[in-house]
Every structure is written in structure tokens, then in C-alpha cells.
Amino acid sequence: MSELVKRRSRELDRSPFRWQKATAAGFLAGCFALGSVIAGATGGEGGEGASFVDSTATITNRNHVTLGKDVYVGPFAHLISSNNITIGDESNVQDNVVIDASQSSVELGKMAILAHGAAVKNGTRMGTEGKCPAPVANAHADPHATGHGAADEHCPSFVGFNSVVEGAILEMDTMVMHLAYVGPGVRIPSGRKVNSGMRVDSQLEVMSKTAPLVAGDRTFMDGVIEVNVSFAGGYSRMHDEDHDSDLGVNYDAGMTKFNPFRDLPELAGVHTRNTKFRNRIIGDVRMGNSLDELDRVMGNHISIRADEGEPFLVGKIASMGDGTVFHALEGSHIQAHDGVIYGEGVIVHGGGTPWNDVTIIGKNVRIGDHAVFFRSNLGNDSYVGSRALLQDTKLPAGSVIPDNWVVVNGQFVNRVEW
């Protein structure tokens, strides 16, 4: 570990960026680079309160989008703002998220989390109603509040990987887990989470297809909020320093307690910065392919983002479909071996595992369209079906996960219902 830190320190010395204070004007410059001016997006001295929209994100009508403070909008997010889209303070909109207000407005309150590949659609309200849990020792939701349950307090709400919420109400302190669907008119009450793979079309189904939130769920959401507030300030500062810093193959923001250094991707053994590349490869990503090879095997709107957990060791990719996302939680890593075929909209996400916190994909694995691979370890020559979830699971070589299966802790749980 000490050698890794030393290497990063040497790379930081060669970085073209300087550690500078962010300003509101700097953030607005970032919006111009995107081609959008976002109402209400301002930052104070030193980046406090700054919000950030990645330059690869798209917004169809900038005048209909309002951001609060400390908002992070990630690579290739797509905001269809024919009607109003409001995103509250300390919220985050992750890679390849779709917010669709083509038919009616969408409102995200404070501390709303839209995880990679999620979609929230017409008429959805999230985190604007409901209540937070009662105060408990050493617990917090809003770091500026006095404790859970205060009348003026907000606490996080969450929509998981490749899930869809369409015209529903998600109260504060709720979660929609991965590959789930919540339909029009449904209200998910505070303190409940929709189980992975479930389809909830009526209020009568809510209690049977949800479970109570537990302390670990709330700790997870609090951590996501803290990290993404750091991203909002960090990427705003970096954009102030270099307006091409959020394009193509590039540095991560660094300068945080979980990721102190700005790292540059390594492609086929060569540290590479290329702001013209159509996909986003960010931070300490070490890939077997050269940039020319990636141009041939990659689709579009791909984000491989090692700015929280790192490093990512990615062998030579056989092919990677549009909209694939790699990311990892703080302190964790990803190792993907040679010859992997990734379908469209695949989410590969690291986190704490029994295997030294490494998420592992073996050689010649095939992962189907819109599948979610989360904190797992899969042997060589295996298959994960389309719209399947593999979570917290270790499986040997030659394993097959059928399409639409939800597998958690090595056990089949249910089929994806939609």
C-alpha cells in the first residue's frame, strides 16, 4: 500500500491541475461547457455549496431544470426537461441515469440518490414528503440537522441500479432496490424498501413487496450522500482549473479523505489523458486495452469511474455495450479479467467483500444486457443473464445465472418481475 501511495504522489506532482478554490462563476462555466445554464446552481468560496454537472450529461431544456446546493450529476445522465425537473440539496444523479419529465414534472427533494442506470419518470416525487427515523445514538441523516425526527429535517431516499420509478411517490427514508419497478400512483412510505426485482403497480402490493429499512441501509445512504457532496465540490474545482477535465479519459477529482490523489487511467501500460474519447474513463483504472483497441470494442455512453473505490484492474475487453458503468464504494476495488463480454447497460459495482474488498469477474465471462454485478466473485467461463442481479455471491467457473434471476448471498431469491 505504501508503494501505491508513493506512486500516486509522484503522479500528482505531474498533474496539470492545481488545487484551487472553486467559485460560483466556475460552476457556471462548467454548465456552459455542458451547453446548459442551470437555475439555482451556485457555490460559495472554496466550493462550499457548489453543484456540478458532468460535461457529458445532456439536458433538453436548461430553463426547466433547477439544482440545489451540493448536487452531483454524473457522466451521461440524461434529463428530459420538457417540464420542470427540480433536484434538491445534496442529491446525486449517477452515471446514465434518466430523469424523464417529457409529460409531467419530476421533483427530487433533499438527499435523493439515483444510482447508476436508474430512471425516474413523469410525475415522480422523491424525498419531498414523509418522515425520518426517530433519533438514535450516533446516527445522523442530514449532517446539518440536530438528529433524526426533527420537524425540519430531511433524510436520504434511494433508487437502485437499473431500477425505474414512474409517476410514483417515494417518501423520505425509502429505498427502491436494484432492478425494481414502481408504477404510477404508488406511494412507498417512509421506512420501507422495495425488494430487488419487484414490480409494484398498486398500493395493495406495497407491504408484500417491500421490507423495513434497517440501520445498515441508512448508514449506506448516508455514506453515498457524503461521498457525492465531495464529488460536487471536487469536480467543480477541477473544472475551474481546466474546462476539459470532465471529458474523455481523465483524472478523478481526488483531494478527499477516501481518495486523496488525482489519478490518471493507465491503458495498455501507458498513463493516458484524452479529452476527445467518446466514453468516460476516470481515475485509477488500469486496462489491458490500448485506446485504439477500446475505440473498437466499446460502445457509447460508457463510464468507468474509479474516483471512490480504486484501483480497477480491467483485462482486455472482448466487447462492451452502450451504457455500461463501473464504479465502487469507498475502500473497495474491481478486478475484471481478459475476454469479458459486457452487454448494454451493465452495472459492475464494487463494495466490501470477503475477498479483500475486491469484486472479481473471471476470464471469458459474459454479462447480459442490463445485468447488475455487485460485490461478487464469478469464476471463468461463466454467464450472467440479461436483467439478472448477482450480489454478495461467489460462484465457481462455468456458472450460469439465467436471465431475470435475482441471486443474493449465493441463493436464488426471485425473478425480476418486469
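The values are calculated or read from the model by the stated rules, or taken from the named source; none is laboratory data. Note that the structure is a prediction, hence the values are computed from the model and not measured. Methodologically, a virtual Cβ is constructed for each residue, glycine included, from the backbone with ideal geometry; neighbour enumeration extends over all protein chains shown.
Just a few scattered comments:
- All positions within the stretch 272-299 that are in contact with an Asp or Glu (Cβ under 6 Å, 6 or more places away or on another chain), part of a loop (DSSP other than H, G, I, E, B) and of a type outside the set (D, E, K, R): Thr275, Gly299
- Asp381 vs. criteria assigned to a loop (DSSP other than H, G, I, E, B), at pLDDT 95 or above, touching a Gly at 6+ places or on another chain (Cβ under 6 Å) and at positive phi: yes
- Residue that is surrounded by the most Cβ atoms within 10 Å (Cβ to Cβ), among those in the stretch 367-386 that are in contact with a strand residue (DSSP E or B) (Cβ under 8 Å, 6 or more places away or on another chain) and either of a type in the set (Val, Ile, Thr) or farther than 18 Å from Leu179 by Cβ (or both): Val372
- From the list Val249, Val340, Val285, Val348, the lone residue that is more than 19 Å from the chain's Cα centre (by Cα) and among the β-branched types (Val, Ile, Thr) is Val340.
- Residues of the stretch 395-417 that are surrounded by fewer than 16 Cβ atoms within 10 Å (Cβ to Cβ) and either part of a strand (DSSP E or B) or among the aromatic types (Phe, Trp, Tyr) (or both): Val400, Gln411, Phe412, Val413, Arg415.
- Of all residues making up the stretch 49-101, the number that are closer than 14 Å to Ile225 by Cβ and either not in a loop (DSSP other than H, G, I, E, B) or not small (Gly, Ala, Ser) (or both): 10
- Matching residues, the stretch 224-283, being of a type in the set (Val, Ile, Thr) and over 25 Å from Met298 (Cα atoms): Val224, Ile225, Val227, Val229, Thr256
- Residues being at pLDDT below 95 and in contact with a Ser or Thr (Cβ under 8 Å, 6 or more places away or on another chain) - total across the stretch 154-180: 0
- Asp295 acidic (Asp, Glu), within 26 Å of Ser386 (Cβ to Cβ) and touching a Gly at 6+ places or on another chain (Cβ under 6 Å): no
- Residue under evaluation Phe258, criteria (1) at pLDDT 95 or above; (2) over 21 Å from Ala119 (Cβ atoms), criterion not met: (1)
- Checking each residue in the stretch 271-303 for being acidic (Asp, Glu) and surrounded by 15 or more Cβ atoms within 10 Å (Cβ to Cβ) picks out Asp284, Glu293.
- Subset of the stretch 192-212 that is out of contact with any Ser or Thr (no Cβ under 7 Å at 6 or more places or on another chain) and crowded, with 19+ Cβ neighbours inside 10 Å - its residue that is farthest from Gln391 (Cα to Cα): Val200
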